[in-house]
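S.K.: Sharing a structure, written as structure tokens. Questions coming.
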Amino acid sequence: MLPTYSPTLEETEVFQALDFEGLDNLQEVKTDAQIKREKWEKSRLGIFSGSEIIKLCGYETKSELPDGAYTYISEKVYEIVFGEKYKGDIFESEDILRGRKYELQAVAAVEKETNISFSFTGENQKFFKRGGFGSTPDGLSKMYSLETKCPNFVNHNNFKRMKKGEDLKKIEKKYWLQVQSEMYCTKRDKAIFASFYVNEKTGYTDLFWIIVNKCEKTQEFIQERVNMANIEKRKQVRTYKKPVIID
């Protein structure tokens, strides 16, 4: 049998002398970054986002939403009804985690190479709403919206095959749609798409960036699908009692 631990007399006296009154009422002290993150998350509730707009944009040759869109719509219906982010099967890829870790470093690298200063970066990012949906660029200048990625080496090397902005549609369609969404929501005609590779063992970094121009056809298609999704979303919300209204 294992021996049980018995506090010494001195330890017992110290423990009894401690005042634990009020511990149950302690409130978490949040940092400015946490508060800004929560405001950003709240601003996105119930709103379709440019980073996930590809979920609405299948069946390009048909005037209907793809099957997968209805799952995304259901998530937004939940957020409107209950006033909180839908937390289903949350999966964060290595690319997403690297992006969070190195995003500001990537923005700084773009600023240094292009000699362009960007606002709305890091914890000051903003969810820009327009046309019934919204987007959050990684940075914004007077002329450009900025989208950065911090992929693994293979994906980064694949991005470097691009010779012009239109190639992004062939290389990674979801990022093409995301960048076009960001330009639409921020009223910019140009965007910088940047891939920032970091070798975490050696500290070696490599930056690739390209200018993507506004594509009216793509943006019109996105707006068409968003309109269809919003109609379906509102129809579903009306089937629930006393929903929480989100502006």
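Just so it is clear, none of the values below were taken in a lab; they were calculated from the coordinates. This structure is a prediction, so every number in the text was calculated from the model and none was measured. Neighbour counts run over all protein chains shown; Cβ positions are idealised from the backbone, glycine included.
S.K.: Give me the Kirkwood hydrodynamic radius of region 99-247 in Å, from all C-alpha pairs, to one decimal place?
M.R.: Taking the inverse mean of 1/r over all distinct Cα pairs, region 99-247 comes out at 16.6 Å.
S.K.: With r defined as the distance between the Cβ atoms of Arg238 and Tyr59 and R0 fixed at 25 Å, what FRET efficiency is calculated, to the nearest 0.05?
M.R.: 0.50
S.K.: Using only the alpha carbon atoms of region 36-111, find the Kirkwood hydrodynamic radius as the inverse mean reciprocal pair distance, in angstroms to one decimal.
M.R.: Answer for region 36-111: a Kirkwood hydrodynamic radius of 14.7 Å.
S.K.: Still on this structure, please answer the following. Loop-only check: which trypsin sites (Lys or Arg not before Pro) in region 127-222 are DSSP coil with at most 10 other Cβ within 10 angstrom?
M.R.: Those that pass, being in a loop and sparsely packed, are Lys142, Arg161, Lys163, Lys164, Lys187, Lys201.
S.K.: In debye, nearest 20: dipole of region 95-229 around its Cα centre with unit charges on the Cβ of K, R (+) and D, E (-)?
M.R.: 220
S.K.: Based only on Cα atoms, what Rg/Rh ratio does region 175-247 have, Rh being taken as Kirkwood's radius?
M.R.: 1.21
S.K.: Compute the Kirkwood hydrodynamic radius of region 123-201, taking the inverse of the mean of 1/r over all pairs of distinct Cα atoms, and give it in Å to one decimal.
M.R.: In region 123-201 this quantity evaluates to 13.3 Å.
S.K.: Ordered by residue, what ³J(HN,Hα) values in Hz, to whole numbers, does region 47-55 give under the Karplus form 6.51 cos²θ - 1.76 cosθ + 1.60, where θ = phi - 60° and Gly and Pro are x?
M.R.: Using θ = phi - 60°, the values come out as 10, 5, 10, x, 5, 10, 5, 4, 5 Hz.
S.K.: Mind checking region 149-247 for chymotrypsin sites (Phe, Trp or Tyr not before Pro) that DSSP puts in a loop (not H, G, I, E or B) and that have at most 16 other Cβ atoms within 10 Å?
M.R.: Filter output for region 149-247: Tyr204, Tyr240.
S.K.: Starting at the first residue of region 231-242, write each ³J(HN,Hα) from the Karplus equation 6.51 cos²θ - 1.76 cosθ + 1.60 with θ = phi - 60°, in whole Hz, x for Gly and Pro.
M.R.: 4, 5, 4, 5, 4, 6, 4, 5, 7, 10, 7, 6
S.K.: Now for a separate question. Lysines near Lys235 by alpha-carbon distance under 16 Å, same-chain residues fewer than 8 away left out - which ones?
M.R.: Lys76
S.K.: Express in whole angstrom the spacing between the alpha-carbon centres of region 127-141 and region 195-246.
M.R.: Cα centroid of region 127-141 versus Cα centroid of region 195-246: 9 Å apart.
S.K.: Same structure, new question: Do you know the relative contact order of region 108-247, to the nearest whole percent, from alpha carbon pairs under 8 angstrom that are 6+ apart?
M.R.: Relative contact order comes out at 22 percent.
S.K.: Percent of Cα-Cα pairs per 5 Å bin, from 0 to the last occupied bin, for region 68-180, please list those.
M.R.: Per 5 Å bin, starting at 0, the Cα pair percentages come out as 2, 9, 14, 21, 22, 17, 9, 5, 1, 0.
S.K.: Further question: Which residue, chosen from Asn152, Val110, Gln125, occupies the Cα position most advanced towards the positive end of the dipole of region 75-225, where the dipole is computed from +1 (Lys, Arg) and -1 (Asp, Glu) charges on Cβ about the Cα centre?
M.R.: Most positive-ward Cα: Val110.
S.K.: Moving to a separate point now. Sequence gap at least 6, Cα distance under 8 Å: using those rules, report the relative contact order of region 72-153 to the nearest whole percent.
M.R.: Once divided by the residue count of region 72-153, the mean separation gives 27 percent.
S.K.: Calculate one ³J(HN,Hα) per residue across region 101-109 by plugging θ = phi - 60° into the Karplus curve 6.51 cos²θ - 1.76 cosθ + 1.60, and present them in order as whole Hz with x for glycine and proline.
M.R.: Using θ = phi - 60°, the values come out as 6, 10, 4, 5, 5, 5, 4, 4, 5 Hz.
S.K.: Reachable lysines from Lys201, Cα under 18 Å, same-chain residues fewer than 8 places away excluded?
M.R.: Those lysines meeting the cut-off are Lys101.
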